[in-house]
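Single-structure report; data block below.
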């Protein structure tokens, strides 16, 4: 897949994503995020948090522990049922999920060596096991959480008591989750360590269907504001759904390897709170002061993967454009709000002290409000293209005219057009462009 190879190459070369533990040959299913990748991830999470928590009166945040009492996972069904069917190719000894393999009659076809084989599938639990304390026995066994939702359900009463929220209300969390995938694949799409952004929205049982539909539309609209166009909604068939789900709709993105889920919205019914009540012996009912009713709420859960959104954004933003007969540029047309750098500052020539001094002054001033890159190496055209490739939205160039009239050129990433604008207005102009205002309205077009 040529498109996938270009994305992964750019991600490594420019510092978005590195193979985990690379100097030791890597570790399958684990990745590290470089200087640009960590900024893009942060911006994705901040955009989600702003949308889901900061702008809402009925949703509060939580950060729960990664390792929790294993009874939580017994109650949720993860200890007994969180597994995939595994088969092993007898020729190359690679292991696969049965659902990932092509079949010929009653046989599987190995995607690694083309061997056709028959094998009895076995259940493989996806949770990472560890031990708490000095002993390694069944009493001290614990697990890295396979989802962040468990920490929300066991804190349902804590949040309710300390915030005095009334139904409907939500608890949101961003955090790491771990799944010992049989066959991690497709770059950062399916990994063994990843970040989730999850909301558990508690509602009256009779209102669950309405809120489920509302959240499906709300979440789909959010992805469109990020700039993702190749997305669709797909309702899961009954046999696809998790054991706790009454209904699930996936928001899918068309990756180079096909349509795949980036977020799932599920009606989890009252399964989780009832299960945790049963195993803990604690009362997790909600008491409605107005109706004097006591009931177990239903839960609507929008659950998104940070790395999958990250990957989708890179795929959507990546473009190659012919600039001249023998010249092309690679550009990441990321949403300005998400781009790792909002602006880059260049002195036209690095060997002219006065140009460098003014450019440095502008750079330091802009850093107070934006993520800003500095580059004084090579010719100006190569510097522009270098910033285009990492998605930097705007570029400020300080030239000899800048010394005379305190104006600079401002270049737009997507169109490559340039305007001339005053240094005194520069910060405000950048802010407005980042927020979506028309680039050309802020200065005279430079021919």
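The table that follows gives values for the structure above.
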item	result
Any hit, the stretch 109-117, residues being buried (at least 18 other Cβ atoms within 10 Å of the Cβ) and either under 23 Å from residue 74 (Cβ atoms) or without any contact (Cβ under 8 Å) to a residue 40 or more places away in the chain (or both)	yes
Flag if residue 173 is over 25 Å from the mean Cα position of the chain (by Cα), part of a strand (DSSP E or B) and either touching a residue at least 24 places away in the same chain (Cβ under 8 Å) or in the same structural domain as residue 242 (by TED's automatic domain parsing) (or both)	no
Matching strands (runs of 3 or more DSSP E) fully within the stretch 278-381 where at least 2 residues are not assigned by TED's automatic domain parsing to the domain that holds residue 229	318-324, 327-332, 343-347, 372-374
Failed item, numbered, when residue 205 is tested on (1) within 18 Å of residue 306 (Cα to Cα); (2) surrounded by fewer than 14 Cβ atoms within 10 Å (Cβ to Cβ); (3) in contact with a strand residue (DSSP E or B) (Cβ under 8 Å, 6 or more places away or on another chain)	(1)
Filtered residues of the stretch 390-399 (kept if in a loop (DSSP other than H, G, I, E, B) and either assigned by TED's automatic domain parsing to the domain that holds residue 11 or at negative phi (or both))	390, 392, 393, 399
Residue among 313, 332, 338 that alone is modelled with pLDDT of 95 or more, buried (at least 18 other Cβ atoms within 10 Å of the Cβ) and touching a strand residue (DSSP E or B) at 6+ places or on another chain (Cβ under 7 Å)	332
Matching residues, the stretch 426-436, being in a loop (DSSP other than H, G, I, E, B) and closer than 25 Å to residue 329 by Cβ	436
Any hit, the stretch 223-239, residues being within 21 Å of residue 148 (Cβ to Cβ) and not in a helix (DSSP H, G or I)	yes
Filtered residue count, the stretch 179-213, keeping only those that are farther than 23 Å from residue 47 by Cα and part of a strand (DSSP E or B)	2
Enumeration of residues in the stretch 408-427 that are within 33 Å of the chain's Cα centre (by Cα) and either touching a residue at least 60 places away in the same chain (Cβ under 8 Å) or surrounded by 12 or more Cβ atoms within 10 Å (Cβ to Cβ) (or both)	410, 411, 412, 413, 414, 416, 417, 418, 426, 427
Hey, residue 284 farther than 30 Å from residue 438 by Cα and modelled with pLDDT of 95 or more or not	yes
Scan of the stretch 400-425 for residues that are under 17 Å from residue 357 (Cβ atoms) and either out of contact with any helix residue (DSSP H, G or I) (no Cβ under 7 Å at 6 or more places or on another chain) or in a strand (DSSP E or B) (or both), ordered by number	400, 401, 404, 405, 406, 407, 408
Count - residues of the stretch 261-277 that are part of a strand (DSSP E or B) and either under 21 Å from residue 190 (Cβ atoms) or out of contact with any strand residue (DSSP E or B) (no Cβ under 9 Å at 6 or more places or on another chain) (or both)	6
Candidate set from the stretch 48-62 (those that are over 17 Å from residue 160 (Cβ atoms) and out of contact with any helix residue (DSSP H, G or I) (no Cβ under 7 Å at 6 or more places or on another chain)); member that is surrounded by the most Cβ atoms within 10 Å (Cβ to Cβ)	52
Meets criteria (in contact with a strand residue (DSSP E or B) (Cβ under 7 Å, 6 or more places away or on another chain) and surrounded by 13 or more Cβ atoms within 10 Å (Cβ to Cβ)) for residue 144	yes
Subset tally (residues that are part of a strand (DSSP E or B), surrounded by fewer than 18 Cβ atoms within 10 Å (Cβ to Cβ) and in contact (Cβ under 8 Å) with a residue 12 or more places away in the chain) for the stretch 240-260	3
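The values are calculated or read from the model by the stated rules, or taken from the named source; none is laboratory data. The model shown is predicted, which means the values in this text are computed figures rather than measured ones. Methodologically, a virtual Cβ is constructed for each residue, glycine included, from the backbone with ideal geometry; neighbour enumeration extends over all protein chains shown.
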